[in-house]
């Protein structure tokens, strides 16, 4: 079984490609309760993005609630734009507390969807990054099939990195950073797609009703009018992104 968390489709695509290659199934952690009983020795994979050089808050919370029986070879794949940071080591320690050994960690470089910094407005450049990512995914599949162990994430950092990044991530998660432009059509896609129900539609307009969200930027990237922005204005210039596997998603 392979579970994943994905804001805009990168990690979903990786999970589904690995699952298809292994004859397995990929399930979103938004739909899967963290209470799993697998067949004895069954492969268990975790795929998620990297946020601020660490695990996404949604995935980290899910793993902290996880109960898992029967798992054999267990691996993590962190998708990232630059580095997976301390994702591998953090996941290893979280799983160890659950009595689960993380056999291996891998990373796959893909377009970075943090558009307050990264510019995704060049569609040809983004498409090339996704083409290159297929080779990275192929390599992960080969290594998983071979049962390789150890931390193979590229550009990894020690877990102590969280002492610096976590306060920054918590600050960035404050929903007051989001703003709504007049182009909003009131479709409700942002509220319906928020993994932590941080948005409600009131009088035909989205309202952030929680102090923090998980910072996936799904609302921004999937807004059909591109009416949701974050921060001082860079996101409007840097464009929107969803992985091609998400084009037909509701």
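The values are calculated or read from the model by the stated rules, or taken from the named source; none is laboratory data. Please read all numbers here as calculations on a predicted model, not as lab measurements. Here the Cβ is made from the backbone with ideal geometry for all residues, glycine too, and neighbour counts use every protein chain on show.
Among the residues of this structure, residue 59 counts as one that is at pLDDT 95 or above, crowded, with 20+ Cβ neighbours inside 10 Å and either out of contact with any helix residue (DSSP H, G or I) (no Cβ under 7 Å at 6 or more places or on another chain) or in the same structural domain as residue 233 (by TED's automatic domain parsing) (or both). Checked across the stretch 231-246, the condition of being without any contact (Cβ under 8 Å) to a residue 60 or more places away in the chain, assigned to a loop (DSSP other than H, G, I, E, B) and either within 22 Å of the chain's Cα centre (by Cα) or crowded, with 22+ Cβ neighbours inside 10 Å (or both) holds for no residue. Of all the numbered requirements in (1) closer than 19 Å to residue 136 by Cα; (2) touching a strand residue (DSSP E or B) at 6+ places or on another chain (Cβ under 9 Å); (3) surrounded by fewer than 17 Cβ atoms within 10 Å (Cβ to Cβ), residue 21 misses one, and that requirement is (2). Among all residues of the stretch 29-52, there is none that is more than 21 Å from residue 218 (Cα to Cα) and assigned to a helix (DSSP H, G or I). Among the residues of the stretch 94-101, is any modelled with pLDDT of 95 or more and either under 14 Å from the mean Cα position of the chain (by Cα) or under 24 Å from residue 135 (Cβ atoms) (or both)? Checking the stretch 94-101: not a single residue is modelled with pLDDT of 95 or more and either under 14 Å from the mean Cα position of the chain (by Cα) or under 24 Å from residue 135 (Cβ atoms) (or both). Please find, within the stretch 168-200, the residue that is surrounded by the fewest Cβ atoms within 10 Å (Cβ to Cβ) out of those that are under 19 Å from the mean Cα position of the chain (by Cα) and part of a loop (DSSP other than H, G, I, E, B). Among those residues, the one meeting the criterion is 197. The single residue among 153, 74, 161 that is surrounded by 13 or more Cβ atoms within 10 Å (Cβ to Cβ) and under 17 Å from the mean Cα position of the chain (by Cα) turns out to be 153.
I need the full set of residues from the stretch 201-219 which are outside any loop (DSSP other than H, G, I, E, B) and touching a helix residue (DSSP H, G or I) at 6+ places or on another chain (Cβ under 6 Å), in order please. Please lay out each step first, then the result.
Here is the first cut: in the stretch 201-219, the residues outside any loop (DSSP other than H, G, I, E, B) are 201-202, 205-208, 212, 218-219.
The answer is 201, 206, 208, 218, 219.
Only residues that are surrounded by fewer than 18 Cβ atoms within 10 Å (Cβ to Cβ) and within 20 Å of the chain's Cα centre (by Cα) were counted across the stretch 211-230, and they come to 1.
Here residue 156 fulfils each of the conditions (1) within 26 Å of residue 22 (Cβ to Cβ); (2) assigned to a helix (DSSP H, G or I) apart from (2).
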